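I have placed the structure first, in the form of structure tokens, so that the comments after it can refer back to it.
The values are calculated or read from the model by the stated rules, or taken from the named source; none is laboratory data. Nothing here was measured: the structure is a model prediction, and the numbers come from that model. Cβ coordinates were reconstructed from backbone atoms using ideal geometry, including for glycine residues, and neighbour counts include every protein chain displayed. Just so you know, the surface numbers come from the protein's heavy atoms only, side chains and all, with ligands and any DNA or RNA stripped out. Shrake-Rupley method; radii C 1.70, N 1.55, O 1.52, S 1.80 Å.
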Amino acid sequence: MDLISSLPAFALAVVLISASPGPAMALILRRAALHGFSGAVPTVLGLEAGLYLWALLAATGLAALVAASEMAFLVLRVVGAAFLLYLGIKAWRSAWRSRDTGGAAQEVAVGEPEPGSSLSWWRAFGEGSVVMLANPKIAAFMIAFYPQFVPADRPLFATTALLAVLQVAIEIVLYLALAAAVGRAGAWFRRPVIRRRLDAVSGTVLVALGLRLAAESR
């Protein structure tokens, strides 16, 4: 199999995978709705940094060890589920406190630093990275997905790293386009009643995803 000729199939697969609903999509949608396009950028970059690291770990064989280890798989699953539950409960608390204030507009979500600050940027980046890195399903996916597109005569690590760059680039474009579209309606999303409902719905989705991850087996 020639690497160049396989790139269109690889790109199409990445697009289809990126469009599937999951924790990454939930985080990006909520962040873009509440903080606009610029607020979603660090979340997207954090998710993709985690993805790229998993790709490199897959190329070195460490991802396969994680996927094969019952203990490592369990630890990651518990950490990932707990973090999603934390994010979901934090969104619920924001919705609840917004109701208690009588619907007054909140520029800063409960428990979050001031938008635009360095702390806010790094917190959003960290949330994206942790959500991606603490998902053991990503390890299993990487060791199954990338070898299909690495020719036998090509160096495994370098080729995987190159393909991962392409995947990250595609996903950044798609996710930022989504964030830009949602961010255009930011004023509507930030209306007190709409924001409260968005927090409640996104919190429910994140909690459900956390519970599903906790209950899943290999």
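If you go through the range 173-186 one residue at a time, do you hit one that is out of contact with any Ser or Thr (no Cβ under 7 Å at 6 or more places or on another chain), over 24 Å from Leu16 (Cα atoms), modelled with pLDDT under 90 and not in a helix (DSSP H, G or I)? Yes - at least one qualifying residue is present in the range 173-186. Listed by position, the helices (runs of 4 or more DSSP H) inside the range 9-100 whose residues that are open to solvent by less than 30 Å² (accessible area, probe 1.4 Å) number at least 3 are 23-60, 70-100. Exactly one residue out of Pro151, Pro147 is out of contact with any Gly (no Cβ under 7 Å at 6 or more places or on another chain), surrounded by fewer than 20 Cβ atoms within 10 Å (Cβ to Cβ), in contact (Cβ under 8 Å) with a residue 24 or more places away in the chain and farther than 14 Å from Leu29 by Cα, and it is Pro151. Just wondering, is there one or more residues in the range 92-99 that are at pLDDT 85 or above, within 25 Å of Ile28 (Cα to Cα) and of a type outside the set (S, T, N, Q)? The answer is yes, given that some residue of the range 92-99 is at pLDDT 85 or above, within 25 Å of Ile28 (Cα to Cα) and of a type outside the set (S, T, N, Q). For the range 165-218, the tally of residues that are over 30 Å from Leu53 (Cα atoms) and open to solvent by 50 Å² or more (accessible area, probe 1.4 Å) stands at 9. Against the test of being under 21 Å from the mean Cα position of the chain (by Cα), closer than 17 Å to Ala9 by Cα and of a type in the set (Asp, Glu), the options Glu216, Glu171 yield a single qualifying residue, Glu171. Per this entry, Pro136 is not counted among residues that are under 30 Å from Leu7 (Cβ atoms) and without any contact (Cβ under 8 Å) to a residue 40 or more places away in the chain.
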